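**Student:** One structure, pasted below without further comment.
The values are calculated or read from the model by the stated rules, or taken from the named source; none is laboratory data. Keep in mind that what you see is a predicted model, and the values were worked out from it rather than measured. Cβ coordinates were reconstructed from backbone atoms using ideal geometry, including for glycine residues, and neighbour counts include every protein chain displayed.
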Amino acid sequence: MISNASSALKRHAVPKPANGARGLVRHIPIRTIQAAPGSRNIISGPEKPKSFQVYEAIPPLREIRRDALLKGESVGFVPTMGALHDGHFALIRQAAAENKHVYVSIFVNPTQFGVNEDLASYPRDLPQDLGKLAALCTEFNEDAGMGKLSTVFTPKTTSMYPNLPPTSEVDGNGSFVTITPLSSVLEGASRPIFFRGVATVVMKLLNIVRPERVYFGQKDIQQTYVVRRMVEDFHLDTQVRVGNTVREPDGLALSSRNVYLGSRRRGVATVLLKALTSVQDAYLNGKRRREDLLAAALQVSNAAQETERNLASHQRACFEVDYFSLADPKTMDELFEVDSEKGAILSGAIKMLPVEDPQEGEHAGLGGDTTTVRLIDNIRLDLVSPKLQPTTGGYHELR
């Protein structure tokens, strides 16, 4: 397993703001973070007195961004919903390698959650996230070639949606950005308001931060296409940069929602990647027709479902397949046959169902294994690319 940075950090008490700032700006000094033994995300070495600022309000953030703009200093922006992990850190590191300043936002956006989704239970721990970012700030300070993690934006919902309370209804009131038809297929078919909420909040954040570059992970591949389409259609002066999926040693894509998986479901969760890599094998062996390729994924998932059903109730971890998709790498349109010169985006989603008959002493995830956990993943099919390795990292620009 990749060690979680949260276990490597002691709880970080966020200093209260002085001079009547009322929580709008906070300085996070690096020296308040202490490393636990065996930590992998803490960079050892001499402490430096540099810090980043945390903004809850929009006007002071815009003021410091304006200063950077006047100085000709570039900003790379990494929007997150918190519960930070190594996937986020990889994007932040890339932003630091390409920009003078790195801004990170932490905001659980209510408009991308459906009525019966996990908005209320979504993992939140701002002090812990700030502690992890402080460790990254130390790392960047020790590398002269890296930019500075200078700003963290943690807005309130009332700041991001000032006029009307956000709604989770498909036909709800409010000011929204809708990207069609891209937002209504695949993830959008399963979660009808998801991409409307994503596009809306990203548009708001880009208008506030005005970064030269914004960074997303390939795990959320359809999201990157939605954002890129929005940036192009609205002539936003921002480059969309996409980092490769960061994975656990056994291949499970890192996700903030993985904390919902207890030990039983975690052991089965890799079936999605196994199904996708079986398609990759078929592709590398010359298969090109949709039905031939996706049949390989269904064979793997069906066999795994049968195995779980045959186990006793206190042992099994059942799941449902939401979809497998074979899409054009430029448009995300579904393909009936893959063009070898273009390749394809292979993606899928499964739902890990609540655990049956939980046992005393069994390791349960956040929420006690009672929450349905939706997992997504994808692979780029390309003849010139090597077979996916479980620890694939790296970075590329979305084209």
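**Student:** Of the residues that make up the range 119-135, is at least one of a type outside the set (D, E), buried (at least 18 other Cβ atoms within 10 Å of the Cβ) and farther than 29 Å from G365 by Cα?
**Tutor:** Among the residues of the range 119-135, not one is of a type outside the set (D, E), buried (at least 18 other Cβ atoms within 10 Å of the Cβ) and farther than 29 Å from G365 by Cα, which makes the answer no.
**Student:** For the range 267-276, which positions are in contact with a strand residue (DSSP E or B) (Cβ under 9 Å, 6 or more places away or on another chain) and surrounded by fewer than 21 Cβ atoms within 10 Å (Cβ to Cβ)?
**Tutor:** V268
**Student:** Please work out which residue is surrounded by the most Cβ atoms within 10 Å (Cβ to Cβ), limiting yourself to the range 168-191 and to residues that are small (G, A, S) and within 22 Å of the chain's Cα centre (by Cα).
**Tutor:** Result: S183.
**Student:** Looking only at the range 247-290, how many residues end up being under 24 Å from T371 (Cα atoms) and not aromatic (F, W, Y)?
**Tutor:** Of the residues in that region, 27 qualify.
**Student:** Just give me the residues in the range 80-95 being farther than 22 Å from E56 by Cα and more than 13 Å from the chain's Cα centre (by Cα), in sequence order.
**Tutor:** Answer for the range 80-95, where residues must be farther than 22 Å from E56 by Cα and more than 13 Å from the chain's Cα centre (by Cα): R93, Q94.
**Student:** Are there any pairs, at least 6 apart or on different chains, whose C-beta atoms fall under 6 Å, with the first in the range 207-220 and closer than 12 Å to I92 by Cβ and outside the structural domain of F77 (by TED's automatic domain parsing) and the second assigned to a loop (DSSP other than H, G, I, E, B) and of a type in the set (A, V, I, L, M), and if so, which?
**Tutor:** none
**Student:** Going through A304, A282, A296, A275 one at a time, which residue ends up being touching a residue at least 24 places away in the same chain (Cβ under 8 Å), more than 26 Å from the chain's Cα centre (by Cα) and not in a loop (DSSP other than H, G, I, E, B)?
**Tutor:** When all the criteria are applied, what remains is A304.
**Student:** So in the range 311-333, with the set limited to residues that are outside any loop (DSSP other than H, G, I, E, B) and of a type in the set (G, A, S), which one is farthest from A296 (Cα to Cα)?
**Tutor:** Result: A327.
**Student:** Follow-up. Quick check on this structure: which one of Y260, Y323 is surrounded by 18 or more Cβ atoms within 10 Å (Cβ to Cβ) and of a type outside the set (A, V, I, L, M, F, W, C)?
**Tutor:** Answer to the check: Y260.
**Student:** Condition first: in contact with a Lys or Arg (Cβ under 7 Å, 6 or more places away or on another chain) and surrounded by fewer than 17 Cβ atoms within 10 Å (Cβ to Cβ). Can you find one or more residues in the range 239-255 that meet it?
**Tutor:** Yes, some residue in the range 239-255 is in contact with a Lys or Arg (Cβ under 7 Å, 6 or more places away or on another chain) and surrounded by fewer than 17 Cβ atoms within 10 Å (Cβ to Cβ).
**Student:** Could you check the range 336-361 and list, in sequence order, the residues that are surrounded by 14 or more Cβ atoms within 10 Å (Cβ to Cβ) and within 19 Å of Y260 (Cβ to Cβ)?
**Tutor:** G348, A349, I350, K351, M352, L353, P354, V355, E356, P358
**Student:** Okay, moving on. Failed condition for T238, given (1) in contact with a strand residue (DSSP E or B) (Cβ under 6 Å, 6 or more places away or on another chain); (2) closer than 22 Å to L84 by Cα, with all others met?
**Tutor:** (2)
**Student:** Could you tell me whether S347 is polar (S, T, N, Q), assigned by TED's automatic domain parsing to the domain that holds G267 and outside any loop (DSSP other than H, G, I, E, B)?
**Tutor:** It is true that S347 is polar (S, T, N, Q), assigned by TED's automatic domain parsing to the domain that holds G267 and outside any loop (DSSP other than H, G, I, E, B).
**Student:** So which pairs qualify, if the first residue must be in the range 50-69 and closer than 19 Å to M146 by Cβ, the second must be of a type in the set (K, R) and part of a strand (DSSP E or B), the Cβ gap must be under 7 Å, and the two must be at least 6 apart or on different chains?
**Tutor:** Note: pairs meeting the criteria are Q53/R26.
**Student:** Here is a follow-up. Pull up the range 198-209, narrow it to residues that are over 20 Å from V242 (Cβ atoms) and surrounded by fewer than 23 Cβ atoms within 10 Å (Cβ to Cβ), then point me to the one that is nearest to the chain's Cα centre (by Cα).
**Tutor:** K204
**Student:** If I go through the range 306-320 residue by residue, how many of them are of a type outside the set (G, A, S) and either surrounded by 15 or more Cβ atoms within 10 Å (Cβ to Cβ) or within 21 Å of V227 (Cβ to Cβ) (or both)?
**Tutor:** Final tally of qualifying residues: 4.
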